[in-house]
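**Q** Just dropping this structure here.
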Amino acid sequence: MSQPILAVRDLNVTFPSEAGRVDAVRGVTFDLYPGSTLGIVGESGSGKSVTSLAIMGLLAQSAKISGSVSFDGKEILGLTDKEMSSIRGSGISMIFQDPLSSLTPVYTVGDQIVEALRLHTNLSKAQCWERAVDLLDKVGIPNPKVRAKSFPHEFSGGMRQRVVIAIAIANNPKVIIADEPTTALDVTIQAQVMELLAVARQETGAATILITHDMGLIAGMADDVLVMYAGKPIEHAPVMELFANPRMPYTIGLLGAMPKITGGDKAPLIPIKGNPPMLIDLPPGCPFAVRCPVPIDLCSQREPSLTPVDSEFDAEQVVPGEGVVDYHFAACHRSVEIDHGLINGAPVYPVPEHEYHGQFADMARNDRPVTLSVEHLTKTFPLIKGAVLKRRVGSVYAVNDISFDLHAAETLAIVGESGSGKTTSLLEVMSFDPKTEGAIKLGGVDVIHGGPAARRAHRRDIQMVFQDPAGALDPRLTVFDIIAEPLRAFGHDKSDIANRVAQLMEVTGLDPAQADRFPTAFSGGQRQRICIARALAPTPKIVALDEPVSALDVSIRAGVLNLLLDLQIKLELSYLFVSHDLSVVRHISDRVAVMYVGRFVEIGSTQEIFANPRHPYTEALLSAIPVPDPVIERSRSRIVLDGDLPSPTDDKPGCRFANRCPLFKTLSADQRSVCQQQTPPLTGTEGSDHLAACHYR
Amino acid sequence: MIKYLLRQLLAWFIRIFLAINITYFVANIFLDPSANYVERRPPISPERIQQMLEPYNLSHNEPLLHRWWDWLTGVVTRWDWGLSPIGGSVNEQIAFRVGVSAQLMLGATIIAFIIGVALGVYSASRQYKLGDRVVQVASIIGLNTSIVVVALVVVFIAIQANRSLGWTLFFVTGSGSIGVEGFGPMLVDKLQHLVLPSICLIFISWASYTMLQRSLLLDNISADYVRTARAKGLPQAVAIRRHALRTSMIPVMVSFAFSIPGIFTGAMLSENIFAWNGMGRYMVTTIYGNDIHGAVAVAAFSSLMVAIGAVLSDLAVVWLDPRVRVN
C-alpha cells in the first residue's frame, strides 16, 4: 500500500472553559490514503468537527493541541498560521456545514473563487476568472459566466454549497475535509451534493474525510469508518465490516436507533438510554459505561483502548512492530464476546416491549371516528410592491387547495422539502383563523365558520409540538409553570393542576421531582419531552408535531419516537406529523401525504407509498434518502433531481413538478403539453385511498 | 439608485422645512428678546422696547403669524435668515462660524474615527490578550472622561511646555492670531491653535468607535465565512481584514455619518474652553441672548447636517453591502 497522505497520531485537543478543562478530542489516530474516503461519525459533541478543525489549524488559539498530524510526510501540527496558510486551500481544503453562512455576503462568488486561486497560483486575474467560471460550470451552476458575478444571497442553499465545493477543489487539493456537507440541505439537494462530491473526488483524486452523523451517508460514501464518542475514537473499521459486525455497544446502538426506510411497521426503535457525557473532568473508565446495556465492573475502572479485533472481511493492516493485524479496531473490554449484535448469544440491546392494545387497535381505519377533517385549505401571502403606495402584484400560494381526513389514533405525516408548505399547512390548521379559505372540522364541527364559541371549545382538542425544543420553552418559567400554563388557561383548579402536572411528567418519562427546575437544566431530548407534556396537558385529541425529532441526536431521537408511539396508543391520540425525514415518517406514520409547492402530489397509507410510490416526485424523494447499509446503498440506483424547488408565486395551470420531472423527459411532445397545461388532480383506482396527482401514473 | 436618492432628498427636504417652522414657533414661545432690556438702568418702557424690536421683526406689536410669514418669505426669497435682537445679521454669523467649527471639528472627528476603528480592529483580533486589555481600559477611560477635565490637563501641560521653551508653541485660546500674513505662517499659526482642542476632542471621542468596532468585529471574526476564507489559505489577519472588517464596518460607518451634525454643534464645551467662535458657542449664545432668528438658524443648520449624515450613511451602506443594492 502507498504512503498515507494524511497521518494523524494520538491527537488531543483541550479547551479552557468556565467550568474547567474540556477534553474535546482524546487520542484520535488514523491514516488517510490517496483517493480513499474516511467517514467520521458521531453525535454532537463527540469531537468530530474539532478533529477536522485541528487538522486544518483553524481552532481558536485558546485550544491546546497535542499529538501529531503529518500531511504528505511533513508534520503540520505546530506550524505558524502563515505556514499553514500555504497548505490550507491547496493541500487540504474544507467544505463546511452551513452553506448559507459560509460565503462572505459582500463579495461576488466569482471574486471568492478567484481569491482562492490567486493565493496559491501565479495566474493572472483574467486567467483566474476564466478558471473560476470553469469551476462553477464543473460544479453544475447553470450560466456560470453571468452567475460568477452574482452575490451569495442570490443563490439557493444547494447552489451555495456547490460554490463552496468549487472553492474547495479550485487548487486540486490532496485532501478534502467535508464537515457535515449536506446536513443543512433538503434530501433531493443532498443527493445532488453527494453526487457532486463523488465527482469532485474523481476529478482531483483527493482523499476525503467525510464528517457526519448520518450513517446512511457513511454507508454510501466511505471506505473506512471511524466512530467517535466523547472525544474518543471507539471503533475503526472498513465500512462493510463495521456495518456487518460492529463490536462496540455504542456503534451497535447507533445503528439500531436509526429508523430504517427499508424497515417494516411500527416496531419500537432501540434507544440508547441517557445522554452523552460532558467532556469536563471525565471520570475514569469508559465514558459510555453509564449508557451501556452490558457493562462490567472493569468498564467503570479503566477506559478501554482502541485495540484490534477479529475481522471477517479480510481486512488486515501492517502495523510497524506488530506485524499484520486485523484491521478492525474497537475500544471495548467485551468486544471479544460481541458478535453480530449479540453478546453470548443474547442481543446487546434487548428489544423494548410495547403493549399494543386499546379500543382502536383492531378497528379498520374507516370505522374509527374522524377527528380532524381539512377541506380545500388554501393559504396565500400577498406579494407587495412599491415603497410609498403599496399595491398587491400577486400571491404566493404557500398552501394550495389541500384536503385530508385524520382518524382517531392515526398518524398522518406530511412530507416535503423546505418551502413546500408543510409547516404553513400545520400552522393554518392550528390558527383557526376565520379568514382561512377552506374548512377545518374538529370532530365534525367547523371551527372556521362556527364562530368564536366553537373555536374556543375546540381549541384544547388540538395542540402542537415544535421543532426546536430549546426555542419553544420560555427559559424564565419552571417546568411546572410551563406544563401548568395551558391548564390554567382552561380554568383548572389548583390541586387538579398539581396532580395533572406530576402525572404528565411521569407519562412523558420525566422525573416529577424536577418540576421546579428551569428548561436550561434539561438536555435536548428531555426538553422535547417537556414540550410534549405541555401539549398533552389540555387532553387534546390531536397533536400537531412539527419536525419533533429533527433537532435531536440519533440516540436521543429513538427514545422520543418511542414515547410518541406509546402515548398514541395509551391516549388514543391522532398525530398530524410534519417532517422532511422519510425514515422517521416511515417509522411513525400510518398515512403519508407528499407535498410539493403547496399541493399534495400523493397521499396514501405508509405501506403503499413506500412500496409503490406512484408520483415521480415521491419516487425521487424515496430514492434520495441514504440507507444505513453499505450493501444496499452501493447497489441501488438513485434518481437525482435537477434544480431547486420552484417558487410558488403564481397559480398557473399545469404540473408544478414538470420542470424537474424525470418522467416528463421521457414523454412525447403531445403528452408534455398536457403536463404543462393541466393541473393533475389527485386520483386513484376505484375504492383505493392511495391517490396521486400525475397524468401518466 | 438615483431615483431612490432623489426620493430620499425630497423626503428630507420636507422634514427639514417642517422642523424649521416648528422651531420658529417654539422659539417664539420660549425666547423673549424684550427680556434683554428689562434690567436696563434707566429702565425702558415696554412700549419703547417693542418699538426698538420692530425693525428686526421681533416685536409683539405684530401678530406672531404675521412675523412668521415675513421671516419665511425673507428666507425663501432672499435667503435672509433674519436679524438678532441688536440688529446683527444671522447669515453673516453662521457663514463665519461654520468655517471655524469645521476647522476645529472636521479634522478631530476624522482622526478620532480612524484611530477608533484601527484600535477596535487591533483589540478584536487580540481578544483577551494584553493589547486588547490595554485598549479596553484606555477606551473606558476615554469614554468616561469629561472634556473639561481633559482640557484642564492638556492646557496645563501645554503651558508648562511653553514656559520651559521660553516661547509660545501652543496657543491655549482663540482660533488664530491677528496680523499673520502669507500661506506658510498662517498654516503654522492655525496648527498651533488647533493642536490642543483637537487633542481634547480626539481623546473623548475615539473610544466609542473602538468599542463599537471591537464588538462588531468579534461577532464577525467567528463567522463561518471568515473560517471559509482561512480554509482557502488566507492568513488570519488578512482574512479578518478582507472578510470580517467590511461587513462589520457597516454599522460603524452609519454611526460616523450620523456624528456629522455633532461636528458643528456638539462642541459647545470645547469651543468655550478654547475660545473658538464656532457653531456650538453660537447656539448657546443665541439661546441666552433670546436671539430667536439665530436659534432657528442653528436648528435649521443642524437638521440639514442630520439629513446629510443620513444620506451619507445610506450611501455608505449601499457601497459596503451589495445585499441592499437590489432594492
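The values are calculated or read from the model by the stated rules, or taken from the named source; none is laboratory data. As the structure is a computational prediction, the values presented were derived from the model and not from experiment. Please note: Cβ atoms are built from the backbone with ideal geometry, for glycine as well, and neighbour counts cover all protein chains shown. Just so you know, the surface numbers come from the protein's heavy atoms only, side chains and all, with ligands and any DNA or RNA stripped out. Shrake-Rupley method; radii C 1.70, N 1.55, O 1.52, S 1.80 Å.
**Q** I'm trying to understand the selection: among the residues of segment A:471-499, which are under 30 Å from the mean Cα position of the chain (by Cα) and either exposed (fewer than 13 other Cβ atoms within 10 Å of the Cβ) or of a type in the set (A, V, I, L, M) (or both)?
**A** Hits for segment A:471-499 are A:G471, A:A472, A:L473, A:D474, A:P475, A:R476, A:L477, A:V479, A:I482, A:I483.
**Q** Tell me, which residue of segment A:45-60 that is of a type in the set (G, A, S) and buried (at least 19 other Cβ atoms within 10 Å of the Cβ) is farthest from the other protein chains (Cβ to nearest Cβ)?
**A** Within segment A:45-60, the match that is farthest from the other protein chains (Cβ to nearest Cβ) is A:S46.
**Q** Let me ask you something else. Could you check segment B:207-224 and list, in sequence order, the residues that are more than 23 Å from A:P152 (Cβ to Cβ) and open to solvent by less than 20 Å² (accessible area, probe 1.4 Å)?
**A** B:A207, B:Y209, B:T210, B:Q213
**Q** Please determine whether any residue of segment A:88-95 is of a type in the set (K, R), open to solvent by less than 50 Å² (accessible area, probe 1.4 Å) and at pLDDT 90 or above.
**A** Yes, segment A:88-95 contains at least one residue that is of a type in the set (K, R), open to solvent by less than 50 Å² (accessible area, probe 1.4 Å) and at pLDDT 90 or above.
**Q** Looking at A:R634, A:R638 in this structure, which one is among the charged types (D, E, K, R), in contact with a helix residue (DSSP H, G or I) (Cβ under 8 Å, 6 or more places away or on another chain) and not in a helix (DSSP H, G or I)?
**A** Just a single option satisfies the conditions, and that option is A:R638.
**Q** Can you tell me which residue within segment A:680-697, out of those that are open to solvent by less than 80 Å² (accessible area, probe 1.4 Å) and small (G, A, S), is farthest from A:P613 (Cα to Cα)?
**A** A:S688
**Q** Return the residues of segment A:96-120 that are within 15 Å of A:T204 (Cβ to Cβ) and open to solvent by 10 Å² or more (accessible area, probe 1.4 Å); say none if nothing qualifies.
**A** Across segment A:96-120, the qualifying residue is only A:H120.
**Q** Tell me, please, whether a residue that is hydroxyl-bearing (S, T, Y), surrounded by 13 or more Cβ atoms within 10 Å (Cβ to Cβ) and in a helix (DSSP H, G or I) can be found in segment A:618-629.
**A** Checked against the condition, which is being hydroxyl-bearing (S, T, Y), surrounded by 13 or more Cβ atoms within 10 Å (Cβ to Cβ) and in a helix (DSSP H, G or I), segment A:618-629 yields at least one hit.
Residue-by-condition table, conditions (1) assigned by TED's automatic domain parsing to the domain that holds B:E271; (2) more than 30 Å from A:L59 (Cβ to Cβ):
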site: B:I110; (1), (2): yes, yes
site: B:G120; (1), (2): yes, no
site: B:R133; (1), (2): yes, no
site: B:I140; (1), (2): yes, yes
site: B:V153; (1), (2): no, yes
site: B:V188; (1), (2): no, yes
site: B:C200; (1), (2): no, yes
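**Q** Suppose we filter B:V180, B:V150 for residues that are in contact with a helix residue (DSSP H, G or I) (Cβ under 7 Å, 6 or more places away or on another chain) and open to solvent by 40 Å² or more (accessible area, probe 1.4 Å); which single one remains?
**A** B:V180 is the lone residue from the list that is in contact with a helix residue (DSSP H, G or I) (Cβ under 7 Å, 6 or more places away or on another chain) and open to solvent by 40 Å² or more (accessible area, probe 1.4 Å).
**Q** Output the number of the condition that A:A63 fails; it satisfies all remaining conditions of (1) buried (at least 18 other Cβ atoms within 10 Å of the Cβ); (2) within 14 Å of chain B (Cβ to nearest Cβ).
**A** (1)
**Q** Scan (1) part of a helix (DSSP H, G or I); (2) among the aliphatic types (A, V, I, L, M); (3) open to solvent by 30 Å² or more (accessible area, probe 1.4 Å) for the single condition B:L104 breaks and write down its number.
**A** (3)
**Q** Here's something else I'd like to know. Of everything in segment B:1-53 that's among the charged types (D, E, K, R) and not in a loop (DSSP other than H, G, I, E, B), which residue is farthest from B:I292 (Cα to Cα)?
**A** So the residue we want is B:K3.
**Q** Which ones in segment A:644-679 are open to solvent by less than 30 Å² (accessible area, probe 1.4 Å) and more than 31 Å from the chain's Cα centre (by Cα)?
**A** A:G654, A:L667, A:C675
**Q** Given the options B:P251, B:P235, name the one that is at pLDDT below 90, over 14 Å from the mean Cα position of the chain (by Cα) and either open to solvent by 30 Å² or more (accessible area, probe 1.4 Å) or facing chain A (nearest Cβ under 10 Å) (or both).
**A** Testing whether each residue is at pLDDT below 90, over 14 Å from the mean Cα position of the chain (by Cα) and either open to solvent by 30 Å² or more (accessible area, probe 1.4 Å) or facing chain A (nearest Cβ under 10 Å) (or both) leaves just B:P251.
**Q** Quick check: anything in segment A:534-553 at pLDDT below 90, more than 25 Å from A:V370 (Cβ to Cβ), open to solvent by less than 10 Å² (accessible area, probe 1.4 Å) and β-branched (V, I, T)?
**A** Yes, that holds for at least one residue.
**Q** When you scan segment A:74-85, how many residues do you find that are closer than 24 Å to A:I211 by Cβ and either more than 9 Å from chain B (Cβ to nearest Cβ) or open to solvent by 20 Å² or more (accessible area, probe 1.4 Å) (or both)?
**A** Here the count works out to 7.
**Q** Of B:R281, B:R246, which residue is within 14 Å of chain A (Cβ to nearest Cβ) and open to solvent by 40 Å² or more (accessible area, probe 1.4 Å)?
**A** Result of the check over B:R281, B:R246: B:R246.
**Q** Next question. For segment A:127-173, how many residues meet the condition of being outside any helix (DSSP H, G or I) and not basic (K, R)?
**A** 14
**Q** Now for a separate question. Does B:R227 fit the bill of being away from chain A (no Cβ under 11 Å) and either open to solvent by less than 40 Å² (accessible area, probe 1.4 Å) or assigned to a helix (DSSP H, G or I) (or both)?
**A** no
**Q** Hey, another quick one. I need every pair where a residue in segment A:92-103 that is more than 7 Å from every other protein chain (Cβ to nearest Cβ) has its Cβ under 6 Å from the Cβ of a residue that is assigned to a loop (DSSP other than H, G, I, E, B) and β-branched (V, I, T), sequence separation at least 6 or different chains.
**A** Close Cβ pairs (under 6 Å, with a partner that is assigned to a loop (DSSP other than H, G, I, E, B) and β-branched (V, I, T)) amount to A:Q97/A:T183.
**Q** Considering segment A:142-156 alone, what residues qualify as being aliphatic (A, V, I, L, M) and either within 17 Å of B:Y225 (Cα to Cα) or touching a residue at least 24 places away in the same chain (Cβ under 8 Å) (or both)?
**A** Of everything in segment A:142-156, just one residue is aliphatic (A, V, I, L, M) and either within 17 Å of B:Y225 (Cα to Cα) or touching a residue at least 24 places away in the same chain (Cβ under 8 Å) (or both), namely A:A148.
**Q** Restricting attention to segment B:298-315, does a residue exist that is open to solvent by 30 Å² or more (accessible area, probe 1.4 Å) and within 14 Å of chain A (Cβ to nearest Cβ)?
**A** yes
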